[in-house]
Structure formats: C-alpha cells, structure tokens
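Have a look at the structure below before the remarks.
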Amino acid sequence: MRQADDEVRTLLRVAAQDMAVLRLILDAPQIEIEGVCFHAQQCVEKALKAMLAMHGVVYERTHNLVSLADTLADLGVATPVDTEVLLRLNPCAVTFRYGDMKIPNITRQEAMISAARILDWANKEADSATAREG
C-alpha cells in the first residue's frame, strides 16, 4: 500500500471516530449544539483532507472546509454538500474549543446529515480508487 493510501485510510478512520461521537451525542440534552457541530466539522475536515491526499495533493493545515472543498473543485472533484453548509460548519472547529463565539444557524440534524454525506462519499471514492488500483 502506498503512503498516500495509508494517509487516506487514517484520515477516514479518524473521521469515522468523529462520526461515531457525533451519533452518540446528537440527541444528548446535556451536550450543547457547539459540541455536536464541532464533531461534524472535524469529520468533514478529515474526510475532505482524505480526498485531497487520495488525489496526491499536499493540503494546507487549515480548518477551512470551503478552502479544502475549493481545492478539490480545482481538481474537478465536486463535494456532495453545498458550500453554504460548509460555511456554516467552518467556525465550529474553534467555537467549541473557545466557547466565546456563536455558531451560524445550523441544526443538529443538518450538521449530522452533512457530515454523514461527506464521509460516505469519501469512503466510496477511496474504495473505488482502491478497486481500480487493485
């Protein structure tokens, strides 16, 4: 397995861990929406970075989901979630950690669905690439 393949699988594995946490806390009343959105943002970030690695791109160290999606778009790879949703998830990486910012208007369910859609897409893309190389 190539080093890029290892990186892709590692990123997708840790994205799946964020998704697992997200599913556990989605409806937990003691968890504020900032915590839910943090894990959704992290899941999406890691999945997008996995797709960049799969395409041989050395991605920047950023939490900016739109920037990551734009880099993929420059390669002709369209993500399955609208830029507007990514914009609303963007601040969630910082909001949860610092707690002094409010997240843009997004529901728990929308954050979950968006993260699940991106992660499912990334896993299918990675599986297809592996099958083609195989």
Quiz item: Let a ≥ b ≥ c be the square roots of the eigenvalues of the Cα gyration tensor of region 1-72; is it rounded (a/c under 1.5), or, if not, prolate (a/b larger than b/c) or oblate?
Solution: oblate
Exercise. Distance from a point 7 Å along Cα→Cβ of D82 to each backbone N in region 109-134: keep the residues under 15 Å and list them by number.
Key: 110-111, 113-115
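Find how much the distance from E110 to A73 grows on full extension, using 0.36 nm per residue of separation minus their present alpha carbon separation; answer in nm with one decimal.
Length difference between fully extended and current span is 11.1 nm.
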Quiz item: Please state the relative contact order of the chain as a whole percent: Cα pairs under 8 Å, 6+ residues apart?
Solution: 32
Quiz item: Which Cys residues of the chain have no other Cys beta carbon under 4.7 Å away?
Solution: C43
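State, as an integer percentage, the relative contact order of region 48-92 based on alpha-carbon contacts under 8 Å between residues 6 or more apart. Walk me through the numbers before you get to the answer.
Working: 29 pairs, mean separation 16.2, N = 45.
With pairs under 8 Å counted, the relative contact order is 36 percent.
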Exercise. Among the GluC sites (Glu not before Pro) in region 1-90, which ones are in a DSSP loop with at most 13 other Cβ atoms within 10 Å of the Cβ? Mind listing them?
Key: E60
Quiz item: For L75, L86, what ranking results if the residue with the fewest other Cβ atoms within 10 Å of its Cβ goes first?
Solution: L75, L86
Exercise. List, in order, the whole-Hz ³J(HN,Hα) value for each residue of region 51-59 obtained from phi through the Karplus relation with A = 6.51, B = -1.76, C = 1.60 and θ = phi - 60°; use x for Gly and Pro.
Key: 5, 5, 4, 4, 8, x, 8, 7, 7
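The numbers here are math on the coordinates, done by the rules we state, and not lab data. Here the structure is a predicted model, which is why all the values come from computation and not from measurement. Ideal geometry is used to build each Cβ from the backbone, glycine not excepted, and the neighbour counts take in all protein chains shown.
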